[in-house]
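K.L.:
Submitted below is the structure of interest, expressed as structure tokens.
The values are calculated or read from the model by the stated rules, or taken from the named source; none is laboratory data. What you see is a predicted model, and the numbers here were worked out from it, not measured in a lab. Cβ sites come from the backbone with ideal geometry, for glycine too, and all protein chains shown count toward neighbours.
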Amino acid sequence: MRKNNISSKKILFIDFIGALLKHRVFLYLYGVILSVLMLGELAIFITVMSSRVRIRDSYESGLLRVFTDAYTNHRQDLIEAVEELEREFKCCGVNNAKDYAKVNSTLPKSCYMDQSFLEPVFAKGCAEAFIDWMWDELPIVGGVIGGILFIEIFGVISSFSLAVAVSHYSYGKIDGLLLTESNV
């Protein structure tokens with residue numbers, strides 16, 4: 001994250017130098033770099049959206065490994081994390097409550113709807129519950145990405161517009177004087 005922050009500052013410095021010194025090359029460079037970054041972000045978002053099934057399968061298999069390791073090796077820290085996940089997402093096991101039988105363990109309180117062994121257990125597994133939650137939050141993520149892309153598009157347009165204005169302004173100067181109709 002820190003490296004990304006430093007890179008962003010370097011890119012902004014290019015734009016700042018271009019605007020301050022009125023060098024259109026820096027402004028065009030900033031616009032091109034920002035365009036490439038924008039296309040990269042869009043490509044990553046599209047890739048994530050198109051590989052939803054692979055992401056779900058990867059999450060499910062990873063959670064199953066952690067679950068099995070926690071209950072097979074009696075790792076209390078992982079067991080507490082699994083139970084916290086079950087309470088948070090109102091789920092039981094990775095796929096369902098039968099996962100506890102596979103690791104020779106009894107159902108914890110976190111699998112029960114009232115957390116006290118009296119009500120029925122949650123039917124949905126935690127992998128499915130988490131994936132459902134993640135896809136429910138996707139419009140928020142999409143909105144944030146859309147807002148960032150809008151700001152970046154504005155930056156690209158502004159950079160190229162300023163570069164063109166600097167170019168037209170610099171071509172109108174001869175020996176430091178601006179050529180106008182009155183002094184020609």
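K.L.:
Among the residues in the stretch 116-139, are any farther than 30 Å from Leu37 by Cβ, of a type in the set (Ser, Thr, Tyr) and at pLDDT below 85?
P.N.:
yes
K.L.:
Answer yes or no as to whether Ile131 is surrounded by 11 or more Cβ atoms within 10 Å (Cβ to Cβ), out of contact with any Cys (no Cβ under 7 Å at 6 or more places or on another chain), assigned to a helix (DSSP H, G or I) and among the aliphatic types (A, V, I, L, M).
P.N.:
It is true that Ile131 is surrounded by 11 or more Cβ atoms within 10 Å (Cβ to Cβ), out of contact with any Cys (no Cβ under 7 Å at 6 or more places or on another chain), assigned to a helix (DSSP H, G or I) and among the aliphatic types (A, V, I, L, M).
K.L.:
Got a sec? Which helices (runs of 4 or more DSSP H) wholly within the stretch 1-112 have at least 1 residues that are at pLDDT 80 or above?
P.N.:
24-50, 52-72, 76-89, 98-102
K.L.:
In this structure, is Val156 modelled with pLDDT under 85 and in a helix (DSSP H, G or I)?
P.N.:
no
K.L.:
Which of the residues belonging to the stretch 90-124 are buried (at least 17 other Cβ atoms within 10 Å of the Cβ) and aromatic (Phe, Trp, Tyr)?
P.N.:
Across the stretch 90-124, the qualifying residues are Tyr100, Tyr112, Phe122.
K.L.:
Out of Leu107, Leu64, Leu85, which single residue is aliphatic (A, V, I, L, M) and out of contact with any helix residue (DSSP H, G or I) (no Cβ under 6 Å at 6 or more places or on another chain)?
P.N.:
Result: Leu64 is the single residue among Leu107, Leu64, Leu85 that is aliphatic (A, V, I, L, M) and out of contact with any helix residue (DSSP H, G or I) (no Cβ under 6 Å at 6 or more places or on another chain).
K.L.:
Select from the stretch 52-89 the residues that are among the hydroxyl-bearing types (Ser, Thr, Tyr) and surrounded by 14 or more Cβ atoms within 10 Å (Cβ to Cβ) and list them in ascending order.
P.N.:
Listed by number, the residues that qualify are Tyr59, Thr68, Tyr71.
K.L.:
What are the pairs, 6+ residues apart or on separate chains, where a residue within the stretch 114-129 that is closer than 17 Å to Ala81 by Cβ has its Cβ under 7 Å from a residue that is of a type in the set (Gly, Ala, Ser) and buried (at least 17 other Cβ atoms within 10 Å of the Cβ)?
P.N.:
What qualifies is Gly125/Gly93; Cys126/Gly93.
Condition check ((1) out of contact with any Cys (no Cβ under 9 Å at 6 or more places or on another chain); (2) of a type outside the set (Val, Ile, Thr); (3) free of Cβ contacts under 8 Å to residues at least 40 places away in the same chain) across all residues:
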| residue | (1), (2), (3) |
| --- | --- |
| Leu21 | yes, yes, yes |
| Glu41 | yes, yes, no |
| Arg65 | yes, yes, yes |
| Leu78 | yes, yes, yes |
| Arg87 | yes, yes, yes |
| Cys91 | no, yes, yes |
| Thr106 | yes, no, yes |
| Tyr112 | no, yes, yes |
